[in-house]
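Worksheet: the structure to be examined is printed underneath.
The values are calculated or read from the model by the stated rules, or taken from the named source; none is laboratory data. It should be emphasised that the depicted structure is a prediction, and the values quoted were computed from it without experimental measurement. Here Cβ is always computed from backbone atoms with ideal geometry, including for glycine, and neighbour counts include all displayed protein chains. These accessible areas exclude ligands, DNA and RNA; they are computed on the full protein's heavy atoms, side chains included. Shrake-Rupley method; radii C 1.70, N 1.55, O 1.52, S 1.80 Å.
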Amino acid sequence: VIDPQTKVTVFERQKSEKATTAATSKAKKEQLDKKDLNLDALGSGSDYSSFLQHIGIPSLNLGFGGEDDGGEYHSIYDSYDNYARFKDPGFNYGVALSKTAGHAALRMANANVLPFDFRSLQKTIDGYVSNLTSQLDQMRESTIVDNQLVKENYFNLANDPTKPYKAPVAKVEVPYLDFSPLQNALAALGKSAGQLNTLWAKVVEAGSPTTMNEQLYRAEQQLLSPNGLPRRNWYKHTLYAPGFYTGYGVKTMPGIREAIEQRNWTEAQEQIAVDAAAINRLADYLLGIK
């Protein structure tokens, strides 16, 4: 699918944007070396939320966003005239988006075996867990430093004594949470995803009709938690949800992440067990696909 402005593929256009705007040299190099497309996590704000986050239907959200975030959305400037003059003159990107979505839909519809690779999912979840442990370590370090500032009266000494000021109080120290249930579940998922990929390749090579597809697209449902997220049980997916305070913005592994952000350590440990159980369910399910 060709990008209307630059006449390269839409993949190359996006790759160029990500490579030039990456924050570090390492991140830029990673983008330059990419041969495939990484999908971002889904938050909310569209019809996919009920499908993915409530009933576990694999979902994809496609769109062209332009070079900036705009700002006129849901305002009096969000009009047909604005779209036709500034957003997509000639309606070329509407056509390109239809082609992109159409190619994706046809790829799925015409595949003898759905092109699902759960090894990629395992790597993605592993990245989420690494991010959580890093977040926890950073919070622990900052809490130690901030508590020292409180204990040694630095906030009051730094303040203008002529202006009323209430210094912060010491925070409860950040404990070491046990992430081993998640790590063990990820190991199991890696093993079952690898075995499934071997079987998948054989079925593709054989080219014969298969009953595998229904099992593949139902695999996502193993990641649902029957009780849903704490204080909002409609959201049942253990990996993706809009943040409680972020509007549409996604939180990955939201049960654990938001408990850590709220410094609710008991709930964080409980949610680690919930997410590990969901990943183990998926690992067991993949082993049963034939």
For residue 224, the net charge from surrounding residues (Cβ-Cβ under 10 Å; K, R +1; D, E -1) works out to +1
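Please list, by residue number, every one of the chymotrypsin sites (Phe, Trp or Tyr not before Pro) in segment 13-78 that is coil in DSSP and has at most 14 other beta-carbon atoms within 10 Å.
Numbers: sites: 48, 51, 64, 73, 77; in loops: 64, 73, 77.
Qualifying residues, ordered by number: 73, 77.
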Dipole check, the chain, charges on Cβ (K,R +1; D,E -1), about Cα centroid: among 190, 179, 70 the Cα furthest to the positive pole belongs to 190
Taking the square root of 5λ for each eigenvalue of the C-alpha gyration tensor of segment 46-85, the equivalent ellipsoid has semi-axes, largest first and in whole angstrom, of 29, 12, 9
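So what's the net charge close to residue 178: Lys and Arg +1, Asp and Glu -1, counting the other residues with Cβ under 13 Å from its Cβ? Don't skip to the answer; put the middle values down first.
Numbers: positive: none; negative: 270, 275.
Counting the neighbours of residue 178, the net charge comes to -2.
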Mean-square fluctuation maximum in Gaussian network of the chain, Cα pairs under 10 Å, restricted to 110, 197, 227, hits 110
The equivalent-ellipsoid semi-axes of segment 1-112, taken as the square roots of five times the Cα gyration tensor eigenvalues and listed largest first in whole Å, are 23, 22, 18
Between the alpha carbon centres of segment 187-221 and segment 22-39 the gap in Å comes to 28
Everything considered on the Cα gyration tensor (a ≥ b ≥ c; rounded for a/c under 1.5, else prolate if a/b is larger than b/c, else oblate), segment 1-47 must be described as oblate
Summing -39500 (n - 2.57) over every DSSP H run of at least 4 in the chain, dividing by its residue total and rounding to the nearest 500, the 222 nm mean residue ellipticity is -16000 deg cm²/dmol
Rg (one decimal) and Dmax (whole number) from the Cα set of segment 106-243, in Å, equal 24.2, 82
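In debye, nearest 20: dipole of the chain around its Cα centre with unit charges on the Cβ of K, R (+) and D, E (-)?
The dipole of the chain has a size of about 480 debye.
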In whole µm²/s, the translational diffusion coefficient that Stokes-Einstein assigns to segment 106-157, given a Kirkwood hydrodynamic radius over C-alpha pairs, 20 °C and 1.002 mPa s, equals 143
GNM of the chain, Cα pairs under 10 angstrom: of 228, 56, 102, the biggest fluctuation goes to 102
If amide H atoms are modeled at 1.01 Å from N in the peptide plane, then the residues at a separation of 5 or more from residue 241, or on another chain, having amide H under 5 Å from its own are 251
At q = 0.09, 0.12, 0.15 Å⁻¹, the log10 of I(q)/I(0) for the chain from a Debye sum over equal Cα scatterers comes to -0.61, -1.00, -1.32
Pairs over 25 Å Cα to Cα, from 202/251; 28/87; 28/123; 87/251; 35/123; 236/290, come to 202/251; 28/87; 87/251; 236/290
For residue 47, the accessible surface traced by a 1.4 Å probe with all protein chains present amounts, in square angstrom to the nearest 10, to 120
Using the Cα gyration tensor of segment 169-290, the equivalent ellipsoid's semi-axes, largest first and to the nearest Å, work out to 34, 16, 11
Output for segment 218-290: chymotrypsin sites (Phe, Trp or Tyr not before Pro) sitting in coil per DSSP, at most 12 other Cβ within 10 Å, listed by number, reads 234, 245, 248
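Evaluate Rg over Rh across segment 40-165, taking Cα atoms for both radii and Kirkwood's formula for Rh. Don't skip to the end; give the middle numbers.
Details: Rg = 24.5 Å, Rh = 20.6 Å.
That ratio is 1.19, to two decimals.
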